[in-house]
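**Q** Right, I'll just put the structure down here and ask away after.
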Amino acid sequence: MRYWLCLLALLGQTLGGAAAANDLPDFGNPADAVLNKTREGQLGRTVMMQLYNAGVVVEDPLLTEYIQSIGARIASHANDGDHRFRFFVVKDDSINAFAMPGGYIGVNTGLILASENESELAGVLAHEVSHVTQRHIARSLYDTQRTSIMTMAAMLAAALLGAAADLPGDAMMGAITASQAAAAQRQINYTRSNEHEADRVGIDVLAAAGFDPNAMATFFEKLSRRYSAARTEIPDMLQTHPVTAVRIAEARDRARRLPQNRVEDSLDYGLTRARIEVMSARDPQTALRIFESKPNPDTVANRYGRALALAAIGRNDDAERAFRDLVREHPGVIAFRIGLGEALAKSGLTEQALEVYREAVRLFPRNVPLTISYAEVLLEAERPDEAHKVLLDLLNNVPPTPAQIRLIARAASAEGDTVNAYYYMAEYYVSTGNLPLAIGQLRLALQLPDVHEVERARITARLDELIEYIPEEHREEVLRRAPGG
């Protein structure tokens, strides 16, 4: 009996120490002990690499630019300036969005189509941004770690008390099961508290960014009402973000206290939805039928969707006329100029297409989607040196996307600039989080016989820099596995 009492005393000291620690002054976020922001960034890049490798990230420059622009507008009003957010679109018809470590925010194409206005989409982004700024991922890991310790302690206490009091086996198992159930409930409650906090913070951010603060509650309520009777079709959004009447009421109450912004959807929102509808259709013919059967086919967004569908089925002359009309009516919309240039190029009218791009580039210098489309047409026209030049100018002035880096590598390779082709591909793998392949590309560049000394010094310096990023305990293994060793 004294043996059990000693163990219980030790257990009491452990739990008492934990309780005492909670009374200490706050010298920082305890979640940092589990997952600090540097580690969060590394973890986020690793997950992004897996998503890229799985081919689920939509690498469409126009969609990427739109979701990044609206996300940046939201993030600029968040309270934590230490995060560098990156927003991306996932090719998935399910209605969902998610936040990952390091400020990576993914939005499914299905969710964009499910939103009925721009404020609803912005509301979802504000919610996910708030998950990041409030450190919910790190805090959940920290809480899970604490829960595990406390659960083990409770289970041990139940076992010890059972042995000391000679409780029957089923009674002791009941006590252990009760402790596990209590831990599970605590984790559920913690997750719910995260959702409520993301709502509260997100609604404030949504209003500050100039969107309708009621939109978050409206969107969740519509989803909940639409799928309330469903058994097998509940969207991922409701499974990962469970909605209750209390949560919606709280969100509405908070929104009522904020400035009620009068918001009109941007044209880019409608064009984005139209572009995704074409991409998501079973085939281009289906997409064309969808837009031709719209109740209001003459809206600008629906005319754009129809023009995209015409181009997709090879009716390039009809697509060219549709895009030309849109450019004439809306000369400041870059997407229409891109569509016109691509339609002309597909018709074999390369010089006319390039003239469209040259005029557009003069009007909108260093626009990422425009420059990428221009470079792709230059490559098809077998002018890789010009493509390399315009892409390098963009690379030197605008933070590049992985698709942009991969394209300049293709241009350099077509031009015969093999050294830079390897160098760019190394940067592409860095941008997608694959350091071993990045190191391999730099090693292959150094093995080329005609590497200039200046280039060799630049490549070697970058190689050394990448090697330093690898934790020392893993460095030998990573370097052994990297190509070109």
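Just so you know, all these numbers are worked out from the coordinates, no wet-lab data involved. Computed from a predicted structure; not experimentally measured. No Cβ is skipped: glycine too gets one built from the backbone with ideal geometry, and neighbour counts run over all protein chains shown.
**Q** Per-residue HN-Hα couplings for the stretch 314-321, Karplus 6.51 cos²θ - 1.76 cosθ + 1.60 at θ = phi - 60°, whole Hz, x for Gly and Pro?
**A** With the stated coefficients, the stretch 314-321 comes to x, 8, 5, 5, 5, 5, 4, 5 Hz.
**Q** Which order do the peptides 283-295, 196-208 take when ranked by the mean count of other beta-carbon atoms within 10 Å per residue, highest first? Spell out each step's value before the answer.
**A** Numbers: 283-295: 14.7, 196-208: 21.8.
Order by mean packing, descending: 196-208, 283-295.
**Q** Right, another one. Amide H neighbours of residue 87 under 5 Å, at least 5 residues apart or on other chains, H built in the peptide plane: list them.
**A** 105
**Q** Now a separate question. Below 8 Å, C-alpha to C-alpha, sequence gap of six or more: please give me the relative contact order for the stretch 417-485 in percent.
**A** Over the stretch 417-485, the number comes to 37 percent.
**Q** I need the phi-derived Karplus couplings for the stretch 414-422: 6.51 cos²θ - 1.76 cosθ + 1.60, θ = phi - 60°, integer Hz, Gly and Pro marked x.
**A** With coefficients 6.51, -1.76 and 1.60, one gets 5, 6, x, 8, 5, 4, 5, 4, 5 Hz.
**Q** Show me 399-407, 466-474, 253-261 ranked by packing, highest mean number of other Cβ atoms within 10 Å first. Could you put the intermediate results ahead of the total?
**A** On the way: 399-407: 20.0, 466-474: 11.7, 253-261: 13.8.
In descending order of packing, they fall as 399-407, 253-261, 466-474.
**Q** Among 445, 414, 354, which residue has its Cα furthest toward the positive end of the charge dipole of the stretch 347-473, with +1 on Lys/Arg Cβ and -1 on Asp/Glu Cβ?
**A** Result: 354, furthest along the dipole toward the positive end.
**Q** How many nm separate the modelled label positions at residue 381 and residue 98, each set 7 Å beyond the Cα in the direction of the Cβ?
**A** Spacing of the two 7 Å Cα→Cβ label points: 4.2 nm.
**Q** Can you tell me the FRET efficiency between residue 260 and residue 366 if r is taken as the Cβ-Cβ distance and R0 is 51 Å, rounded to the nearest 0.05? Display every interim value, and only then the final one.
**A** On the way: r = 37 Å, r/R0 = 0.73.
For R0 = 51 Å, the calculated efficiency reads 0.85.
**Q** Also, quick follow-up: Kindly write out, for the stretch 250-255 in residue order, the coupling ³J(HN,Hα) from the Karplus curve 6.51 cos²θ - 1.76 cosθ + 1.60 (θ = phi - 60°), rounded to whole Hz, with x marking Gly and Pro.
**A** 5, 5, 5, 5, 5, 5
**Q** Shifting gears a bit: What full-extension length gain, to one decimal in nm, is calculated for residue 325 and residue 448 as 0.36 nm per residue of separation minus the Cα-Cα distance?
**A** On the way: separation 123, 0.36 × 123 = 44.28 nm, distance 5.04 nm.
The span from residue 325 to residue 448 would gain 39.2 nm if fully extended.
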